[in-house]
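Step one of this worksheet: look at the structure below.
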Amino acid sequence: MRFKSLATFAALGLLSASINANAASAVAFGPAGWGASDTVLGVSGYVIEDFEDTQLVSGLKVQVLPPSLSGYGPTGTLPFTFTPAVDDQVSNAFVGSAWDGTKSLVNRPFVPITSYANDGGWSDVRFLFEGGVTSVGFSIQQAEGNIGISLDLGGGFSFFLNSSSLLAPSSGRVGYLRIDAAPGEVIRGVHLDNQVGNHDGIAYDHLAFQPAPVPLPAGAWLLGPALATLAVRGRRQRARA
């Protein structure tokens, strides 16, 4: 991604770093860049899930893992949508969590929210991708502490980075994080570990992902030349007739 000037760079609150470069790299946009276009975020042409309804886009599943209550998933159909202005009955902590639209994904197995207390319901969240992805991004709001981010690159989840290394914790909009797999790697899942005593309320939105190319079956590369040979033979036979 290229920027025209340092002023543009600073205005967007963009931070970037290559962390664990053998597996993936991460690019973060601070709160000043909230609502930036997909082109600026580097996710233009990606599949987008905006959590405006319960049916998730094809290839995506979500899992919510509370520390002590029953969670849900992995599922391609959410049990509810989260509208902060309606479903947060305590205050306005999650107002502004939607990147676009009016809804976001809250790290909780049920709504409405009637208390911000540590009741065992503020959860870890997993995004799981059928067939894997080469890149994934999402917005973060109301993360007042660190989020430990782990990636599944095909052998189970392994720690990747702390969100606080790129984005400052905040009781408001934290920013947008994009994770890019290294060449030859495929991200099959992202685990977001709620590290503040397992009781921090966090909202996510504008999940964008680039599905990994579907590998050709073994020997499929031989099919093209074979079809070409058959086509030539067919033309010769018609010419003789």
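The values are calculated or read from the model by the stated rules, or taken from the named source; none is laboratory data. Everything numeric in this text was worked out from a predicted model, so none of it was measured. Don't worry about glycine lacking a Cβ; one is built from the backbone with ideal geometry, like all the others, and counts go over all protein chains shown.
Values for this structure:
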item: Failed criterion for G59 (all others in (1) buried (at least 20 other Cβ atoms within 10 Å of the Cβ); (2) at positive phi; (3) of a type outside the set (A, V, I, L, M, F, W, C) hold); result: (1)
item: Looking only at the stretch 21-50, and only at residues there that are more than 21 Å from D152 (Cβ to Cβ) and β-branched (V, I, T), the one that is surrounded by the fewest Cβ atoms within 10 Å (Cβ to Cβ); result: T39
item: Tabulated pairs, the stretch 157-184, first under 18 Å from A203 (Cα atoms) and touching a residue at least 12 places away in the same chain (Cβ under 8 Å), second crowded, with 16+ Cβ neighbours inside 10 Å and of a type in the set (S, T, Y), C-beta under 6 angstrom, 6+ apart or interchain; result: Y176/S139
item: Total residues in the stretch 116-136, condition within 21 Å of S25 (Cα to Cα) and polar (S, T, N, Q); result: 2
item: Test: S37 is within 21 Å of L128 (Cβ to Cβ) and small (G, A, S); result: no
item: Residues (under 22 Å from D180 (Cβ atoms) and in a loop (DSSP other than H, G, I, E, B)) located in the stretch 34-55; result: W34, G35, A36, S37, G42, V43, S44, G45, Y46, D50
item: Unmet requirement for A93, which otherwise passes all of (1) assigned to a loop (DSSP other than H, G, I, E, B); (2) touching a Lys or Arg at 6+ places or on another chain (Cβ under 6 Å); (3) not acidic (D, E); result: (2)
item: Residue in the stretch 61-73 that is farther than 28 Å from A26 by Cα and touching a helix residue (DSSP H, G or I) at 6+ places or on another chain (Cβ under 9 Å) present; result: no
item: Residue satisfying condition, being more than 14 Å from the chain's Cα centre (by Cα), within 23 Å of V62 (Cα to Cα) and modelled with pLDDT of 90 or more, within set L166, L161, L151; result: L161
item: Long-range neighbours under 6 Å by Cβ, at least six apart or interchain, first residue more than 18 Å from W99 (Cα to Cα) within the stretch 49-64, second outside any strand (DSSP E or B); result: K61/G76; V64/G71; V64/P109; V64/S123
item: Residue within the stretch 137-146 that is closer than 18 Å to V27 by Cβ, among the β-branched types (V, I, T) and surrounded by fewer than 22 Cβ atoms within 10 Å (Cβ to Cβ) present; result: no
item: Qualifying residue in the stretch 133-151 (condition: within 16 Å of L207 (Cβ to Cβ) and in a loop (DSSP other than H, G, I, E, B)); result: yes
item: Which listed residue is among the aliphatic types (A, V, I, L, M), modelled with pLDDT under 95 and closer than 23 Å to H191 by Cβ, from L78, L69, L60; result: L69
item: Complete set of residues in the stretch 168-203 that are within 27 Å of P112 (Cβ to Cβ), surrounded by fewer than 21 Cβ atoms within 10 Å (Cβ to Cβ) and not hydroxyl-bearing (S, T, Y); result: P169, G172, D193, Q195, V196, G197, N198, H199, D200
